[in-house]
Amino acid sequence: MTQNEFPELENLTEEEITKLLNDKDEFEELFSNLSTVKNIDSIKDQMMTIVADLLKINYSQKENLENVQKTHKLAKQRFLDLHQKLQQKFLQQNQLLNQFDYTSLIDKIEQSKNESDEQAEQLFQKVSQKEIELDQFIKEFREIKEKSYLNDSKIKCFQKNLQDKKMNSFH
């Protein structure tokens, strides 16, 4: 204990200190009135208020967390259901496609893709020569490119299925 921590005790005589040590009530009264103890009690009260406020905030967020957890659980279940349906549709698609000749399907889709690419080129020429407005070009070009992209994806998928089918026939 440094000299300045409890200034109230510095001026006490040995007799007063002995009396305090022997009288519990008087000791408690002096102790609770020490400026350092009052300061500590004040800080403790402030901390308790802060903790109580934080508890209220946490408790109010608990309901929000529970709602988010419920929503997440429902969304996850919906995702799993949709994923299962998608897997079933892929299985059905593959079963149906196994009945067909992939090579002829790929050729037909490639022909359609090439036609879409040619349409896109013609559309590009029209906009370059200012035969159509830019807004119309963008709309039509996007539709053509979407079709071309889908056809390209189908081709890749069918080529992979054809390759898998050939691999499975070897085994």
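Do the conditions hold for residue 65, that is, is it more than 42 Å from the chain's Cα centre (by Cα), at pLDDT below 90 and not small (Gly, Ala, Ser)?
no
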Selected residue (only one of 53, 101 is within 30 Å of residue 154 (Cα to Cα) and free of Cβ contacts under 8 Å to residues at least 40 places away in the same chain): 101
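Take residue 65 and decide whether it is of a type outside the set (Ser, Thr, Tyr) and out of contact with any Asp or Glu (no Cβ under 8 Å at 6 or more places or on another chain).
Working: of a type outside the set (Ser, Thr, Tyr): yes; out of contact with any Asp or Glu (no Cβ under 8 Å at 6 or more places or on another chain): yes.
So residue 65 fits the description; yes.
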Any helices (runs of 4 or more DSSP H) falling wholly within region 1-88 and containing at least 1 residues that are aromatic (Phe, Trp, Tyr) and either loosely packed, with under 11 Cβ neighbours inside 10 Å or in contact with a helix residue (DSSP H, G or I) (Cβ under 6 Å, 6 or more places away or on another chain) (or both): 24-32
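Within region 116-131, restricting attention to residues that are among the charged types (D, E, K, R) and over 42 Å from the mean Cα position of the chain (by Cα), which residue is most open to solvent (accessible area, probe 1.4 Å)? Even if it seems obvious, please write down each step before you answer.
Of all residues in region 116-131, those among the charged types (D, E, K, R) come to 117-118, 121, 126, 130-131.
From the residues that got through so far, the ones that are over 42 Å from the mean Cα position of the chain (by Cα) too are 118, 126, 130-131.
On the way: 118: 112, 126: 91, 130: 173, 131: 115 Å².
By that ranking, first place goes to 130.
Look through 140, 110 and report the one residue that is acidic (Asp, Glu) and without any contact (Cβ under 8 Å) to a residue 40 or more places away in the chain. Write out each step before concluding.
On the way: 110 fails: without any contact (Cβ under 8 Å) to a residue 40 or more places away in the chain.
Exactly one of 140, 110 is acidic (Asp, Glu) and without any contact (Cβ under 8 Å) to a residue 40 or more places away in the chain, namely 140.
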Could you list, in sequence order, the residues of region 133-171 that are surrounded by fewer than 14 Cβ atoms within 10 Å (Cβ to Cβ) and among the β-branched types (Val, Ile, Thr)? 138
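Per-residue answers, yes or no, for (1) out of contact with any Phe, Trp or Tyr (no Cβ under 9 Å at 6 or more places or on another chain); (2) in a helix (DSSP H, G or I); (3) acidic (Asp, Glu); (4) over 30 Å from residue 90 (Cβ atoms):
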| site | (1), (2), (3), (4) |
| --- | --- |
| 104 | yes, yes, no, no |
| 123 | no, yes, no, yes |
| 131 | yes, no, yes, yes |
| 138 | yes, yes, no, yes |
| 144 | yes, yes, no, no |
| 160 | yes, yes, no, no |
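The values are calculated or read from the model by the stated rules, or taken from the named source; none is laboratory data. Quick caveat, the model's predicted, so the values are computed rather than measured. Note that each Cβ is placed from the backbone with ideal geometry, even for glycine, and that neighbours are counted across all protein chains shown. Protein only, heavy atoms only, side chains kept; ligands, DNA and RNA dropped before computing areas. Shrake-Rupley method; radii C 1.70, N 1.55, O 1.52, S 1.80 Å.
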